[in-house]
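A short write-up of the structure that comes next.
The values are calculated or read from the model by the stated rules, or taken from the named source; none is laboratory data. These figures come from a predicted structure and were not determined experimentally. Positions of Cβ are backbone-derived with ideal geometry, glycine not excepted, and every protein chain shown enters the neighbour counts. Just so you know, the surface numbers come from the protein's heavy atoms only, side chains and all, with ligands and any DNA or RNA stripped out. Shrake-Rupley method; radii C 1.70, N 1.55, O 1.52, S 1.80 Å.
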Amino acid sequence: MAEGSNTVHSPLVTYASMLSLLTLCPPFVIFLWYTMVHADGSVSQTMAYLYHNGLRGFVDIWPPPSATAFKLIGSYAAFEAALQLLLPGKTVYGPISPTGNQPVYKANGVAAYVVTLVTYIALWWFGIFNPTVVYDHLGEIFSALIIGSFIFCIVLYIKGCVAPSSSDSGSSGNIIIDFYWGMELYPRIGKHFDIKVFTNCRFGMMSWAVLAVTYCIKQYEKNGTIADSMLVNTALMLAYVTKFFWWEAGYWNTMDIAHDRAGFYICWGCLVWVPSVYTSPGMYLVNHPVHLGTQLAVYILVAGMLCIYINYDCDRQRQEFRRKNGKCLVWGKAPSKIVASYTTTSGETKTSLLLTSGWWGLARHFHYVPEILAAFFWTVPALFNHFLPYFYVIFLTILLVDRAKRDDDRCRSKYGKYWKLYCEKVPYRIVPGIC
């Protein structure tokens, strides 16, 4: 198997992860939705219901996917696919892969994001479509996504076996690992439609913004007003998603796109987990408006915006450093760096610059700190009556700690002694002075 397989977990951990995703995550998505929408956000209330009704109780709360749900998902997916293909954008080149391929992208994410939100709000404003329909069928939508995304991942696996898009593909010899981690690094339909850009960015991340707006509109239509807690939550989540699309071309250089293959792990996660779990604080606030008061609302908003900016500035700093080949200023000074050489799978020797100053001198993955804090600040408007709204913050922390370890393992394998030198210069993995 090409580079990428030796950076993921062992087969045993892979089997455990896949079994967990298949058996625990789908019912948890429904559990989360039901608790937020129908059980006042109370885990104990839902658990009491399930305890008294057993398996039958869980079957009863799991809404079957409906025709309306599939129509809404299909319309949304088709609209985003059309924007990805048809909107103009600057040509951007991704990193050269281990086999020498360099993916070419059309950077039109900001345009797609603006068109999506303007269209969605305009449809509501002019009475053409009411977004509350999405909220009212949310359980059915999540149920349809769970099933449809699993089928999509099977098709993706078959495509990798019979019609891979490039030489950045291959089998580990283990069907379970291939399905879970993926067969292809850059699967495409035709020459121009990149599947991972669609699943990760245009479906997953875009749905985050669309659902944030949906929850806001639902609360307004239900109560005739929008609570300041919902406004803070929505503003921070939209700011984060806006930052994402502004930086989308940089995202195409990250582990998700440039190293992780398009398998069940990442694709099912983006198609199901992002719309359901990532948006869950807003889902809770629809029926549980909290009145923070102007002063507290402003404090939370400013703190969250600051974290989002720092997270963006970390990525911007490294991106500019790479683009200018180290010939730039970092915090007003010439950057310190390590020139690391490595050997590709074809035997070529190449060099990379590892930034060791600025944000990247604090810790090797310091940018995860403001990202986790931002998630906390758009959740804290729900206050602390219930634990479940904070599930995303906990999940994100676990996810990013794992990702930091995987990225370190990959870089250690790639750069060898240079990575050891880098770790000596930047000893902390995520939190400066702690770990």
Residue check, Thr397 of a type outside the set (Gly, Ala, Ser), open to solvent by 20 Å² or more (accessible area, probe 1.4 Å) and at pLDDT below 95: no
Residue within the range 178-189 that is basic (Lys, Arg), open to solvent by less than 70 Å² (accessible area, probe 1.4 Å) and touching a residue at least 24 places away in the same chain (Cβ under 8 Å) present: no
All positions within the range 78-129 that are part of a strand (DSSP E or B) and touching a Gly at 6+ places or on another chain (Cβ under 7 Å): Tyr105, Lys106, Ala107
Residue satisfying all of: in the range 425-435; open to solvent by 30 Å² or more (accessible area, probe 1.4 Å) and in contact (Cβ under 8 Å) with a residue 60 or more places away in the chain; nearest to Ile338 (Cα to Cα) among these: Lys425
Qualifying residue in the range 152-164 (condition: of a type in the set (Lys, Arg) and over 24 Å from the mean Cα position of the chain (by Cα)): no
Qualifying residue in the range 350-363 (condition: assigned to a loop (DSSP other than H, G, I, E, B), touching a residue at least 60 places away in the same chain (Cβ under 8 Å) and on the phi < 0 side of the Ramachandran plot): yes
Ser75 closer than 23 Å to Met237 by Cβ, open to solvent by 50 Å² or more (accessible area, probe 1.4 Å) and among the hydroxyl-bearing types (Ser, Thr, Tyr): yes
Matching residues in the range 26-64 - criterion: being open to solvent by 50 Å² or more (accessible area, probe 1.4 Å) and not in a helix (DSSP H, G or I): Asp40, Trp62, Pro64
Residues located in the range 340-375, provided they are of a type in the set (Val, Ile, Thr) and over 26 Å from Asp168 (Cβ atoms): Thr356, Val369, Ile372
Condition met for Phe384 (open to solvent by 30 Å² or more (accessible area, probe 1.4 Å) and either over 30 Å from Asp228 (Cα atoms) or in a helix (DSSP H, G or I) (or both)): no
Which numbered condition Leu373 fails, given (1) open to solvent by 20 Å² or more (accessible area, probe 1.4 Å); (2) touching a Phe, Trp or Tyr at 6+ places or on another chain (Cβ under 8 Å): (2)
Wholly enclosed helices (runs of 4 or more DSSP H) of the range 216-299 bearing at least 2 residues buried (at least 23 other Cβ atoms within 10 Å of the Cβ): 228-246, 264-268, 280-287
From Thr379, Thr343, Thr351, Thr356, residue being more than 26 Å from the chain's Cα centre (by Cα) and open to solvent by less than 60 Å² (accessible area, probe 1.4 Å): Thr356
Count of residues meeting criterion [among the aromatic types (Phe, Trp, Tyr) and open to solvent by 50 Å² or more (accessible area, probe 1.4 Å)] in the range 404-424: 1
Residue within the range 19-28 that is within 22 Å of Ile151 (Cβ to Cβ) and in contact with a Gly (Cβ under 9 Å, 6 or more places away or on another chain) present: yes
Residue list for the range 47-101, filter: more than 30 Å from Trp252 (Cβ to Cβ), of a type in the set (A, V, I, L, M) and touching a helix residue (DSSP H, G or I) at 6+ places or on another chain (Cβ under 7 Å): Leu50, Ile61, Ala69
Yes/no for Tyr135 being hydroxyl-bearing (Ser, Thr, Tyr), part of a loop (DSSP other than H, G, I, E, B), in contact with a Ser or Thr (Cβ under 8 Å, 6 or more places away or on another chain) and crowded, with 18+ Cβ neighbours inside 10 Å: no
